[in-house]
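Asks: My questions all concern the structure below.
The values are calculated or read from the model by the stated rules, or taken from the named source; none is laboratory data. Please read all numbers here as calculations on a predicted model, not as lab measurements. Glycine also receives a Cβ, built like all others from the backbone with ideal geometry; neighbour counts cover every protein chain displayed.
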């Protein structure tokens, strides 16, 4: 059975559309996936510069509830050509800080597209400065009931599980024992990175839920954090 991966970034809302940051992020993602352009759901290619992206974002704004931000998807292929290799970028941004919602920047990679090297994921984190970012594998998320686990933690104040590639900022690190405790976690590599800590459980590869050694590595670190 093939693995399906997604890259998630969760940012605390700050009330603006983050257009400049998103332009920089898309530049990294285009390089990571070898894309010439991106497409909106039912339209021509989107202009990935600040004026064009701002226009695309503003068209999605709900004038009745501007504080909840906007949601928009972009695709690696135009509508008539989409197939299993299509990469989907799911964005929610522009949320006001007094709203209970997050700004999120997710990439659904799917079963067939190659997963970018971790260096691209790290560059993405440096641009968007999320409080949490991780590369998830769908079967692993289901087996560990990550969605149900996260629902028991209001406001995303604690990680639900630790994935094969998982970043937390200093604030989220405090929820699982603090920076020093995190840096001592049993994993292939744990390092201070950006505004917090980056965990990488597997030496030189993707987390595979069908690999017993990978699952055991995840169990060890989650036991360490009493998850």
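Asks: Working carefully through the options 206, 198, find the one that is surrounded by 14 or more Cβ atoms within 10 Å (Cβ to Cβ), within 19 Å of the chain's Cα centre (by Cα) and modelled with pLDDT under 95.
Replies: Exactly one of 206, 198 is surrounded by 14 or more Cβ atoms within 10 Å (Cβ to Cβ), within 19 Å of the chain's Cα centre (by Cα) and modelled with pLDDT under 95, namely 206.
Asks: Conditions first: (1) in the same structural domain as residue 31 (by TED's automatic domain parsing); (2) more than 27 Å from residue 68 (Cβ to Cβ); (3) assigned to a loop (DSSP other than H, G, I, E, B). Residue 202 passes all but one, so which condition is the exception?
Replies: (1)
Asks: Test each condition in (1) outside any loop (DSSP other than H, G, I, E, B); (2) surrounded by 18 or more Cβ atoms within 10 Å (Cβ to Cβ) for residue 48 and report the one that comes out false.
Replies: Unmet condition: (1).
Asks: Do we have residue 120 as assigned by TED's automatic domain parsing to the domain that holds residue 30 and either touching a helix residue (DSSP H, G or I) at 6+ places or on another chain (Cβ under 6 Å) or free of Cβ contacts under 8 Å to residues at least 12 places away in the same chain (or both) here?
Replies: yes
Asks: Please verify whether the stretch 91-112 includes one or more residues that are outside the structural domain of residue 151 (by TED's automatic domain parsing), within 28 Å of residue 189 (Cα to Cα) and out of contact with any strand residue (DSSP E or B) (no Cβ under 8 Å at 6 or more places or on another chain).
Replies: Within the stretch 91-112, one or more residues are outside the structural domain of residue 151 (by TED's automatic domain parsing), within 28 Å of residue 189 (Cα to Cα) and out of contact with any strand residue (DSSP E or B) (no Cβ under 8 Å at 6 or more places or on another chain).
Asks: Quick one: residue 58 ticks every box in (1) surrounded by 14 or more Cβ atoms within 10 Å (Cβ to Cβ); (2) touching a strand residue (DSSP E or B) at 6+ places or on another chain (Cβ under 9 Å) bar one, so which box is it?
Replies: In the conditions (1) surrounded by 14 or more Cβ atoms within 10 Å (Cβ to Cβ); (2) touching a strand residue (DSSP E or B) at 6+ places or on another chain (Cβ under 9 Å), residue 58 misses (1) alone.
Asks: Restricting to the stretch 130-159, name every residue that is farther than 18 Å from residue 205 by Cα and either surrounded by 21 or more Cβ atoms within 10 Å (Cβ to Cβ) or touching a strand residue (DSSP E or B) at 6+ places or on another chain (Cβ under 7 Å) (or both).
Replies: Within the stretch 130-159, 130, 131, 132, 156, 159 meet the criteria.
Asks: While we're here: What residue, of 8, 55, is within 14 Å of the chain's Cα centre (by Cα) and either under 30 Å from residue 209 (Cβ atoms) or outside any strand (DSSP E or B) (or both)?
Replies: 8 is the lone residue from the list that is within 14 Å of the chain's Cα centre (by Cα) and either under 30 Å from residue 209 (Cβ atoms) or outside any strand (DSSP E or B) (or both).
Asks: Checking the conditions here, which among 166, 181 is part of a helix (DSSP H, G or I) and either surrounded by 13 or more Cβ atoms within 10 Å (Cβ to Cβ) or in contact with a helix residue (DSSP H, G or I) (Cβ under 7 Å, 6 or more places away or on another chain) (or both)?
Replies: 181
Asks: So, in the stretch 57-73, exactly how many residues are under 29 Å from residue 118 (Cβ atoms) and free of Cβ contacts under 8 Å to residues at least 40 places away in the same chain?
Replies: Count: 3.
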